[in-house]
């Protein structure tokens, strides 16, 4: 087996690990409010979300064949750049999970690839206009539009059902939340599993396994990407679920529905207009809007500030790790040694981190009692 | 650099997204309101009123289902 094949295998495995962390990290977006309002039991919620993420991966096969296309120079994309970008994204996802902060996995991936491309080709490798249009503007627009939409939704909701018996209203909105959480999960599967398929397809093209022109992902790529994101989702990123579901404020089922329904409507409208937004940014903005519209002081703005800082840091931090990974990898030449050593180091780091968490409690597989 | 941003799509998003969110919200609020008030009317023996309120709830279900279907179409039409 030549070294290029081994590098390709490492890149594919790393892409699937990223996909797992994507599901693990972003499960919160779809189910956090359903869990906190007791519309769904925690395990049922992540199970439903996992199934719909899996199904969503097959619904639309518009592969982001060029992840970060228009953001970095396409000719600089090599398997090592992709690998380094993935490492940057994985580390950022794990770090933000550790601190329970919802942040965009897609932005982390783009950041990682941008950093690696920058290390490979200098400033000319990064296309500023693309970065502005596809990352920075959506990062600002998504939370603001979702905040306003959810705020409007909850005010209208209270206006219509405010005089009904609270028990009846809560029951009604818990049922509604099952539908809205399902729609969000399906939407997440159609968006985010595609990115991993795109990364693997890109690596196959860079390696020469697939023809570059109109490359379609092979079936094994589609199935493995769908399975990885579903497994990640089922594992449940409880720390982020707790942040979105209970730590920002204690929400009622109507607020949960407004956040999910409003967030989903914003995401799908944006998608229809060809203006894709981050699920994380939209849902977090909607959660804040649904809380602030009811009572401004109910929202923990300090925590919201920490989340905003994490969003601002996502791109540069992932880029920094991506660039460093590329640099370290190149120290060992263009062969397999660099990626192999980095992969093993990452695996050991993740095992240590998760091992530490598991020793402190069943954080990986069981929802905490206060979620 | 600002020229790279599709301002028209941004403006459309600014009004269309809240409108879509509001449609979903009103639809489900009609379901909850209609069903809740119909139950009250039924308990009081006002059958006609209960039926009318159930019709409101049914309209909400239809509108909500339509919104979900539109969402699914948006998802599937990306490809």
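We did not get these values from a lab; they are worked out from the coordinates using the rules stated. These numbers come from a predicted model, not from an experiment. Cβ sites come from the backbone with ideal geometry, for glycine too, and all protein chains shown count toward neighbours.
Taking label positions 7 Å along the Cα-Cβ direction at both residue B:43 and residue A:13, the computed distance is 6.3 nm, reported to one decimal. Given R₀ = 35 Å, what would the calculated FRET efficiency be for residue A:155 paired with residue A:99, taking r from the Cβ atoms and rounding to 0.05? E between residue A:155 and residue A:99, to the nearest 0.05, is 0.65. Peptide B:32-43 shows a mean partner chain C-beta count of 4 within 10 Å per residue C-beta.
Which FRET efficiency value, to the nearest 0.05, do you get for residue A:73 and residue B:73 by plugging their Cβ-Cβ distance into 1/(1 + (r/R0)^6) with R0 = 51 Å? E between residue A:73 and residue B:73, to the nearest 0.05, is 0.90. Compared with the dominant Cα axis of chain B, that is its longest principal axis, helix B:7-43 is turned about 10°. Comparing mean-square fluctuations of A:309, A:342, A:144 from a GNM of chain A with C-alpha springs under 10 Å, the top value falls on A:309. Other protein chain C-beta atoms within 10 Å of residue C-beta, averaged over A:159-171: 4. In chain A, the inverse of the mean reciprocal separation of distinct Cα atoms equals 20.5 Å; this is its Kirkwood hydrodynamic radius.
Contact order for the range A:193-297, expressed relative to its length and based on alpha carbon pairs under 8 Å spaced 6+ residues apart, stands at 21 percent. Once both axes come from the Cα atoms, what is the angle between helix A:105-121 and the longest principal axis of chain A, in degrees from 0 to 90, rounded to 10? The angle comes out at about 20 degrees. Taking the range A:8-39 and a reference point 7 angstrom along Cα→Cβ of residue A:250, the backbone N atoms nearer than 15 Å belong to A:36-38. Rounded to the nearest 500, the 222 nm mean residue ellipticity of chain A from helices alone is -25500 deg cm²/dmol, with -39,500 (n - 2.57) taken per DSSP H run of at least 4 residues.
For the range A:216-371, a Kirkwood hydrodynamic radius built from all Cα pairs, placed in the Stokes-Einstein relation at 20 °C and 1.002 mPa s, yields a translational diffusion coefficient of 113 µm²/s. FRET efficiency for the pair residue A:58 and residue B:15, taken as 1/(1 + (r/R0)^6) with r the Cβ-Cβ distance and R0 = 35 Å, rounds to 0.60. Working from label points 7 Å from Cα in the Cα-to-Cβ sense, the residue A:296 to residue B:62 distance is 4.2 nm. Each peptide among A:124-131, A:29-36 gets the average number of other Cβ atoms lying within 10 Å of its residues, and from highest to lowest they stand as A:29-36, A:124-131. Put the Cα centre of the range B:8-79 next to the Cα centre of the range A:321-360 and the gap is 50 Å. I'd like the distance between the alpha-carbon centres of the range A:252-286 and the range A:89-148, rounded to an integer number of Å. If we compute the Cα centre of each part, the gap is 19 Å.
Please give the helix A:42-59 orientation as an angle from the longest Cα principal axis of chain A, in degrees from 0 to 90, rounded to the nearest 10. With rounding to tens, the tilt is 50 degrees. Placing pseudo-labels 7 Å out from each Cα toward the beta carbon at residue A:129 and residue A:352 gives an inter-label distance of 4.5 nm. Averaged over the residues of peptide A:259-266, the number of Cβ atoms from other protein chains lying within 10 Å of each residue's Cβ is 6. Entry note, chain B: relative contact order of 30 percent, from Cα contacts under 8 Å with a spacing of 6+ residues. Report note on the peptides B:11-17, A:90-96, A:6-12: ranked by the mean count of other C-beta atoms within 10 Å, highest first, their order is A:90-96, A:6-12, B:11-17.
Among A:223-232, A:347-356, sorting by the average number of other beta carbon atoms lying within 10 angstrom of each residue, highest first, gives A:223-232, A:347-356. Based on Cα contacts under 8 Å between residues 6+ apart, chain A shows a relative contact order of 35 percent.
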